[in-house]
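Written below as structure tokens is the structure these notes are about.
The values are calculated or read from the model by the stated rules, or taken from the named source; none is laboratory data. Fair warning: this is a prediction, and the values are worked out from it, not measured in the lab. Because the Cβ atoms are built from the backbone with ideal geometry, glycine has one as well, and the counts that use them run over all protein chains shown.
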């Protein structure tokens, strides 16, 4: 598991920095991917341009942990031949030493893929694999829930699993809407601190995670930090700033990498006085779920909502 500054850089690269508004629970966007009955060839309008897929792929290489989760969720798991070293879910995915951040073309080609999916193409992988006749589909970090739904549907078109992909996107939207409706809303937004790792790197409400939590009536303390905007939405706060902000909730996305929990947080100098610690509202979240925008984003929202309802009562 990656730790320290390297992990923060990975999280920033993975989570994305989109800035479009998200004031309500989005529904899957119509026309985000071309209509298809699962026939080929198809052309996907992706982040790396027009991606033409001549035949239904049966040897997919996924270099994106989120894409890997999406592929298995839509029923394309049997079409996946290899996934990158960070794709640890589902456990049955064929995990390798491939690295989406530093892709090795020779290693990728050795799997003889007929489709490669990445979370971004800053290394020119599309061009490099084009020399081998291998299409690359770039699905960068979602800025909004609508983006996430669109990626699920686009993968369905790319793999021929259209019907199940549409069902997965619709299910995600339906479950999230239900969670938001069922969660009691406070008269004024309750404040929270979201921790990426123990040196106090956090997220602002402009990020995918920040927007998601905003649906539950939460207000991000990091928005008021000096340099928050310049950080691209991922500022490093100070212990003093967090304690002074006195957040009502502390959400830990460093439980796996760094062993953080309610006890370790309470033991930090001065933190025993923070409202979230006093009231038992320190919520642990699985690191991987917190850094991806696939189907398990529903689980993230459900975990946070359950803690909110514990004290707020029914809406």
| query | Before we move on, is residue 253 surrounded by fewer than 16 Cβ atoms within 10 Å (Cβ to Cβ), closer than 30 Å to residue 67 by Cβ and either out of contact with any strand residue (DSSP E or B) (no Cβ under 8 Å at 6 or more places or on another chain) or at pLDDT 95 or above (or both)? | reply | no
| query | In region 291-303, what residues are surrounded by fewer than 23 Cβ atoms within 10 Å (Cβ to Cβ) and either closer than 13 Å to residue 195 by Cβ or under 11 Å from the mean Cα position of the chain (by Cα) (or both)? | reply | 295, 296, 298, 300
| request: Kindly establish whether residue 288 is buried (at least 18 other Cβ atoms within 10 Å of the Cβ) and either closer than 30 Å to residue 166 by Cα or in the same structural domain as residue 63 (by TED's automatic domain parsing) (or both). | output: yes
| request: May I ask you to verify whether residue 182 is closer than 22 Å to residue 248 by Cβ and without any contact (Cβ under 8 Å) to a residue 12 or more places away in the chain? | output: no
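Being surrounded by fewer than 17 Cβ atoms within 10 Å (Cβ to Cβ), closer than 26 Å to residue 172 by Cα and more than 20 Å from the chain's Cα centre (by Cα): is that true of residue 110 here?
Values: surrounded by fewer than 17 Cβ atoms within 10 Å (Cβ to Cβ): yes; closer than 26 Å to residue 172 by Cα: no; more than 20 Å from the chain's Cα centre (by Cα): yes.
In short, no.
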| Which ones in region 125-155 are touching a strand residue (DSSP E or B) at 6+ places or on another chain (Cβ under 7 Å) and outside any helix (DSSP H, G or I)? | 134, 135, 136, 137, 138, 139
| task | Filter region 63-73 for residues that are assigned to a helix (DSSP H, G or I) and either closer than 15 Å to residue 136 by Cβ or touching a strand residue (DSSP E or B) at 6+ places or on another chain (Cβ under 7 Å) (or both) and give the result. | result | 67, 68, 71
| If you take the residues of region 205-216 that are in contact with a strand residue (DSSP E or B) (Cβ under 8 Å, 6 or more places away or on another chain) and in contact (Cβ under 8 Å) with a residue 60 or more places away in the chain, which of them is farthest from residue 183 (Cα to Cα)? | 209
| request: Within region 100-115, track down each residue that is more than 19 Å from residue 293 (Cα to Cα) and not in a helix (DSSP H, G or I). | output: 102, 103, 104, 110, 111, 112, 113, 114, 115
| query | If you check every pair at least six apart or on different chains, which have Cβ atoms under 7 Å apart with a residue in region 256-268 that is under 15 Å from residue 246 (Cα atoms) first and a residue that is at pLDDT 95 or above and part of a helix (DSSP H, G or I) second? | reply | 265/271; 265/277; 266/272; 266/277; 268/239
| Picking from 230, 225, 190, which residue would you name as being assigned by TED's automatic domain parsing to the domain that holds residue 308, without any contact (Cβ under 8 Å) to a residue 60 or more places away in the chain and more than 30 Å from residue 125 (Cα to Cα)? | 225
| task | List the number of the failed condition for residue 269; all other conditions in (1) outside any loop (DSSP other than H, G, I, E, B); (2) over 18 Å from the mean Cα position of the chain (by Cα); (3) surrounded by fewer than 20 Cβ atoms within 10 Å (Cβ to Cβ) hold. | result | (1)
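Matching residues to (1) part of a loop (DSSP other than H, G, I, E, B); (2) at pLDDT below 95; (3) touching a helix residue (DSSP H, G or I) at 6+ places or on another chain (Cβ under 7 Å); (4) farther than 15 Å from residue 116 by Cβ:
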{"site": "8", "(1), (2), (3), (4)": "no, yes, no, yes"}
{"site": "20", "(1), (2), (3), (4)": "yes, yes, no, yes"}
{"site": "39", "(1), (2), (3), (4)": "yes, yes, no, yes"}
{"site": "61", "(1), (2), (3), (4)": "no, no, yes, no"}
{"site": "75", "(1), (2), (3), (4)": "yes, no, yes, yes"}
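Let's see how each residue does on (1) surrounded by fewer than 16 Cβ atoms within 10 Å (Cβ to Cβ); (2) in contact with a strand residue (DSSP E or B) (Cβ under 8 Å, 6 or more places away or on another chain):
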| position | (1), (2) |
| --- | --- |
| 158 | no, yes |
| 166 | no, no |
| 169 | no, no |
| 172 | no, no |
| 182 | yes, no |
| 189 | yes, yes |
| 196 | no, no |
| 201 | no, yes |
